[in-house]
Amino acid sequence: MIDFSGKTYRALLELMLARVPNSLDKREGSMIQTALGAGAYSLEEFYLDLDKVQRGGAIQTAVGEDLDNWSVIANVERYPASPAVRLGIFEPDIVPIGARFSTVDGGDSVNFVVTSKVGPGQYQLTCETPGVIGSSYTGPILPITTIQGLTLAELTDILVPGDDVETDEALRERLISALRERPFGGNVADYKRVVRAIDGVGDLQVYPTWDGGGTVKLSIIGADWMPASVQLVETVQTTVDPPPNQGLGYGTAPIGAKVTVVAPETVAVNVSAVLTLRAGYTVEQMQALVEEAVGGYLLDIRRDWATPDADRLTNYTCWVYLARVISTILSVAGVVNATGVTLNGGADDLQLVETGLTQQVPILGEVSLSARN
């Protein structure tokens, strides 16, 4: 790829002026300098456009619409933003389907519409604004639709997490994977292609023949990078291999493949550490900051949880590394050192179980901090 970074207005103007005889006036403001300056500006714009065209001509550097155009060669499309589906609790049980409610979240407030009833006083609500914003609020909601006698309206569980429009990097990775793995006819890549396209799915692990020939297990994590909800698991199951007719090819799975869809178990990671703090800092001040930092590290692990080992497409490992936890704690402003760090009471790395029978993801448990005197 040609580097056009040096084709700036100033560099181009100096190059053109260097070709004009010194016997002519080339000083700032002269007729020659002024005339060539207009051309240098135009050439800079030309090189910027040329660089954009050049980058759009390769999958590795294309962005936006150019990357969308490349995606057709692997029969993939950018995932659009999808709305969150939440559980609403109401008293008394008088809420009509189609009623609208608003969150109490200041400038980030969004509206929800009641789409179905799931139990006494419990309804499914879909966010009118696609994206992760629909998953961020929990608490009281205000009726937009007039409902006489309503005394309680509350947004609770995330049934299907909302997801933003797929980023260029995520689409590029998926495009390259599709070209390399060649999804077809129920192979591992095909299961991933189908399930990742379902609203609310973040990623999945695939376990072929986990319970004998013809069996497949799919372990699903949501777009919020937490284990998939019961509803999302049911949606994926129905799409891929709906019961009670499993193995008959009524879903996207090929005939003869009996697919079991599950969500991974959560493993609480309890962290204990003795901190040496800078002057003026207290353990109480550090508590929330350390929890946020370690929680962010565990989130990164969950984001990478479905990435298989390099040598096998269906072999997965998941570790919480003690050294990474220590490094994360040390990155918190005010922390000078951290000693005696343990994970679930042990001073070793924590390996989670990733097999056809059991799949696990880490979540933040209790963080116990003390200060060195």
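Derived scalar couplings between HN and Hα for region 58-75 equal 9, 4, 5, 10, 5, 9, x, 4, 4, 5, 4, 5, 5, 5, 5, 5, 10, 6 Hz in order, rounded to whole Hz, by the Karplus curve 6.51 cos²θ - 1.76 cosθ + 1.60 (θ = phi - 60°), x for Gly and Pro.
Take the alpha-carbon positions of the chain, form their convex hull, and give its projected area averaged over all directions (one quarter of the hull surface) in nm². Could you put the intermediate results ahead of the total?
Numbers: hull surface 119.5 nm².
That works out to 29.9 nm², a quarter of the Cα hull's surface.
Evaluated at q = 0.30, 0.33 Å⁻¹, a Debye calculation over the C-alpha positions of region 9-56 (equal weights, vacuum) places log10 I(q)/I(0) at -1.07, -1.18.
Rounded to the nearest 5, what is the percent of antiparallel bridges among the DSSP beta bridges in region 191-290?
Details: 8 of 14 bridges.
If I count the DSSP bridges inside region 191-290, around 55 percent turn out antiparallel.
In order along region 330-340, phi translates into HN-Hα couplings of 5, 6, 6, 4, x, 8, 8, 7, 9, 10, x Hz, rounded to whole numbers, per the Karplus curve 6.51 cos²θ - 1.76 cosθ + 1.60 with θ = phi - 60° and x for Gly and Pro.
Given only helices, namely DSSP H runs of n ≥ 4 each adding -39500 (n - 2.57), what is the per-residue ellipticity at 222 nm of the chain, to the nearest 500 deg cm²/dmol? Mind dumping the intermediate values first?
Details: 8 runs with 108 residues, N = 373.
Counting only the DSSP helices, I get -9500 deg cm²/dmol.
Cα-based values for region 182-262, radius of gyration first and Dmax second, are 11.5, 33 Å.
Modelled spin-label separation between residue 341 and residue 128, with each label point placed 7 Å from Cα along the Cα-to-Cβ direction: 4.7 nm.
Amide H contacts of residue 117 (H built 1.01 Å from N, in plane; Pro and chain starts excluded): 124 sit under 5 Å, all sequence-distant by 5 or more or on other chains. Divide the volume of the convex hull around the Cα atoms of region 317-360 by the residue count and you get 76 Å³ per residue.
Once R0 is set to 45 Å, what does the formula 1/(1 + (r/R0)^6) return for the Cβ-Cβ distance between residue 20 and residue 61, expressed as a FRET efficiency to the nearest 0.05?
Values: r = 36 Å, r/R0 = 0.81.
About 0.80, to the nearest 0.05.
In whole percents, the pair-distance distribution calculated for region 266-371 from its alpha-carbon pairs, binned every 5 Å from zero, is 2, 12, 23, 22, 15, 11, 7, 4, 2, 1, 0. Taking the chain as a Gaussian network of alpha-carbon nodes connected by springs under 10 Å, the highest mean-square fluctuation of the residues 193, 172, 55 belongs to 55.
Given 10 °C and 1.306 mPa s, compute D for region 149-190 with the Stokes-Einstein relation, Rh being the Kirkwood radius over Cα pairs; round to the nearest whole µm²/s. Kindly include the intermediate steps, with their values, before the conclusion.
Numbers: Rh = 14.1 Å.
It diffuses with D of about 113 µm²/s by this estimate.
For region 155-255, chymotrypsin sites (Phe, Trp or Tyr not before Pro) are listed when DSSP marks them as loop and at most 10 other Cβ atoms sit within 10 Å of their Cβ; the list is 184. The DSSP beta bridges internal to the chain are antiparallel in roughly 75% of cases. Between the alpha-carbon centres of region 17-73 and region 87-121 there is a gap of 54 Å. Derived scalar couplings between HN and Hα for region 206-212 equal 10, 10, x, 6, 5, 10, x Hz in order, rounded to whole Hz, by the Karplus curve 6.51 cos²θ - 1.76 cosθ + 1.60 (θ = phi - 60°), x for Gly and Pro. Note on region 85-160: with charges restricted to the Cβ of Lys and Arg (+1) and Asp and Glu (-1), its dipole about the Cα centre is near 160 debye. Counting lysine pairs in the chain that sit 8 or more residues apart in sequence, or on different chains, and whose Cα atoms lie under 26 Å apart gives 5. Database remark: amide H of residue 265 closer than 5 angstrom to the amide H of 359, 360, 361 (H placed geometrically; neighbours at sequence offset of 5 or more, or on other chains; Pro and chain starts carry no H). Each 10 Å bin, from zero up to the one with the longest distance, holds this percent of the alpha carbon pairs of region 18-114: 11, 19, 13, 15, 16, 11, 8, 5, 2, 0.
Which three semi-axes in whole Å describe the equivalent ellipsoid of region 85-160, each the square root of 5 times a Cα gyration tensor eigenvalue, listed largest first? Walk me through the numbers on the way to the answer.
Values: eigenvalues 65, 35, 22 Å².
Values for region 85-160, descending: 18, 13, 10 Å.
Laboratory data are not the source of any read-out in this text; all were calculated from the coordinates shown. Just so it is clear, the structure is predicted and the values come from calculations on it, not from any experiment. Ideal geometry is used to build each Cβ from the backbone, glycine not excepted, and the neighbour counts take in all protein chains shown.
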